[in-house]
Amino acid sequence: MIDRKAAETLDARDPLAACRARFDLPEGIIYLDGNSLGAMPKSVPARMKRAVEQEWAIGLIRSWNDADWYPAPQRVGARIARLIGAGADEVVVADSTSVNLFKVLTAALGLRPKRRKIVVLRDDFPTDLYVAEGIGEQADVIVAAVEPDALLDAIDGETAAVSLTHVNFRTGRRYDMGKITRRAHEVGALIVWDLCHTVGAMRCDLNGVGADFAVGCGYKYLNGGPGAPAFVFAAKRHHATMRPMLRGWHGHARPFDFAADFRPASGMARFLVGTAPQLSLIALEAALDAFDGVDLAALRDKSVALTELFIRLIDQHVPGFGLASPRDPEERGSQVSLTHPDGFAIMQALIARGVIGDFRAPDILRFGFAPLYIRYVDVWDAVMVLKDIMVKLSWQRPEFAERRAVT
Ligand SMILES: Cc1ncc(COP(=O)(O)O)c(C=O)c1O
């Protein structure tokens, strides 16, 4: 039986233990919601202060050149590239994940003009479905929304693109990127991976599996701050032929010619649309310092060890919960989802006790384990708080039933 002392020993041996000091974490809080909004890296405030007080206030418009604001989408993209197995010139940072999905799905349809089908997963993050559906309506494309078990069979010779999230947001189920990419390519389809719940929590190798396109957000395990810009990847082999449907002046080959005709920039810059949100981009760039020198294999090892420990402790100490996440760590991301009919109130009781996770209807309690700043003792302490709440029935207090806008 593992106890708190054993958890402390695991922390003492953790090769990533020192990374926690790179974050500003509030005293008395166990933050298990880095899969929703990452914690704030200490590198961010000083960088933001400089950006606001010097680059903006004093540099004014000159900072687009003098402070290197203009090339930031490519520069920050190049840093994210290392985390996802991409080349430095295959990633740019721009817009939101949803908007980037639109860009790559329409580009994929353009690369497969004779095919009229997009395959998505029915239980995927809703935005992924909505974006595909919207494109389907406008472009006379069939969107096949299938159950996970039917995915491989649904990918056929009519399919232009397959779009799915590598790690499911509700359950933490992790799909086999190599296998699904291979299936898409076997029938001549293109693959789009949504890496929102992957990037910054585990290694992934887009070029290793031969992925075509990918998108992901900056505010979860990348810790870029609320509403941080997202990123978009396209494999180099598509750069010359992919055509952006969502066109804007920052995607033009020569934006400051202000030409009436659109001529796409070379490479990933053609997926830029409007002016980048510089302050958010600067915050994301500074946040990425937290990954400096981090071995991505160690990151995944720790993520697996944390989720394994959590599941084991729940099994031992807190009966009455279902496990919505796969037990096999190979099939699991960096989050564990438990189910309970009173999940909402239980999560509110946990948050009131300083253990922050979140809730997804109808009955899912989500716990995210960001390997850079979560310790093994945090896992132990969180489970003990949950046990106490269940034993004392403290989740039944009326204030824990009250629902607010964000769950
Ligand atoms: C898997 C997945 N895709 C897309 C999104 C939406 O991202 P954005 O708000 O950047 O459009 C989310 C948000 O949580 C997500 O979890």
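Worth pointing out:
- Some residue of the range 130-152 being touching a Lys or Arg at 6+ places or on another chain (Cβ under 6 Å), within 30 Å of ASP289 (Cα to Cα) and part of a strand (DSSP E or B): no
- Residues of the range 4-36 satisfying the condition of being in contact (Cβ under 8 Å) with a residue 12 or more places away in the chain, of a type in the set (D, E, K, R) and farther than 25 Å from THR198 by Cβ: ARG4, GLU8
- Of all residues assigned to the range 87-100, none qualifies as being away from the ligand (no atom under 15 Å from the Cβ), surrounded by fewer than 22 Cβ atoms within 10 Å (Cβ to Cβ), polar (S, T, N, Q) and in a helix (DSSP H, G or I).
- Restricting the range 153-181 to residues that are part of a strand (DSSP E or B) and among the hydroxyl-bearing types (Ser, Thr, Tyr), the residue that is nearest to the ligand (Cβ to nearest atom) is THR165.
Residue-by-condition table, conditions (1) closer than 23 Å to PHE125 by Cα; (2) more than 16 Å from the ligand (Cβ to nearest atom); (3) touching a residue at least 24 places away in the same chain (Cβ under 8 Å):
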residue	(1), (2), (3)
GLY38	yes, no, yes
TRP69	no, yes, yes
ALA72	no, yes, yes
ALA78	no, yes, no
ARG112	no, yes, yes
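- Note on the range 119-148: residues that are more than 16 Å from the ligand (Cβ to nearest atom), more than 21 Å from ARG247 (Cα to Cα) and of a type outside the set (A, V, I, L, M, F, W, C) total 1.
- Counting residues in the range 115-125 that are in a helix (DSSP H, G or I) and over 30 Å from ALA290 (Cα atoms) gives zero.
- Subset of the range 160-183 [under 19 Å from VAL215 (Cβ atoms) and β-branched (Val, Ile, Thr)]: VAL162, THR165, VAL167, ILE180, THR181
- Search result, residues across the range 228-241 that are more than 14 Å from THR275 (Cβ to Cβ) and under 24 Å from the mean Cα position of the chain (by Cα): ALA228, ALA230, PHE231, VAL232, PHE233, ALA234, ALA235, LYS236, HIS238, HIS239
- Taking the listed residues VAL187, VAL209, the one that is surrounded by fewer than 24 Cβ atoms within 10 Å (Cβ to Cβ), under 25 Å from LYS302 (Cβ atoms) and more than 11 Å from the ligand (Cβ to nearest atom) is VAL209, with no other qualifying.
- Here SER280, SER303 are screened, and the one residue that is among the polar types (S, T, N, Q), under 30 Å from ASP3 (Cα atoms) and surrounded by 14 or more Cβ atoms within 10 Å (Cβ to Cβ) is SER303.
- Within the option set LYS236, LYS220, being within 12 Å of the ligand (Cβ to nearest atom) and basic (Lys, Arg) holds for one residue only, LYS220.
- Of the set (1) closer than 30 Å to ILE351 by Cβ; (2) more than 21 Å from the chain's Cα centre (by Cα), all apply to SER63 but (1).
- Selection of the range 265-289 for residues being touching a strand residue (DSSP E or B) at 6+ places or on another chain (Cβ under 7 Å) and free of Cβ contacts under 8 Å to residues at least 60 places away in the same chain yields ALA265, ARG270.
- Of the residues examined, ALA57 is one that is surrounded by fewer than 16 Cβ atoms within 10 Å (Cβ to Cβ) and either of a type in the set (A, V, I, L, M) or away from the ligand (no atom under 14 Å from the Cβ) (or both).
- In the range 40-54, the residues that are surrounded by 13 or more Cβ atoms within 10 Å (Cβ to Cβ) and without any contact (Cβ under 8 Å) to a residue 24 or more places away in the chain: LYS42, PRO45, ARG50
- Wholly enclosed strands (runs of 3 or more DSSP E) of the range 318-407 bearing at least 1 residues polar (S, T, N, Q): 335-339
- Test for ARG116: is it away from the ligand (no atom under 16 Å from the Cβ), surrounded by fewer than 18 Cβ atoms within 10 Å (Cβ to Cβ) and among the basic types (Lys, Arg): yes
- Residue pairs whose Cβ atoms lie under 6 Å apart, separated by 6 or more positions or on different chains, with the first residue in the range 365-382 and in contact (Cβ under 8 Å) with a residue 60 or more places away in the chain and the second of a type in the set (Val, Ile, Thr) and assigned to a helix (DSSP H, G or I), are PHE369/THR307.
- Verdict on ASP194 being more than 18 Å from SER325 (Cα to Cα) and among the charged types (D, E, K, R): yes
Quick note: the coordinates plus some simple rules give every number you see, no bench work behind them. Note that the structure is a prediction, hence the values are computed from the model and not measured. Cβ atoms come from the backbone with ideal geometry, glycine included; neighbour counts cover every protein chain shown.
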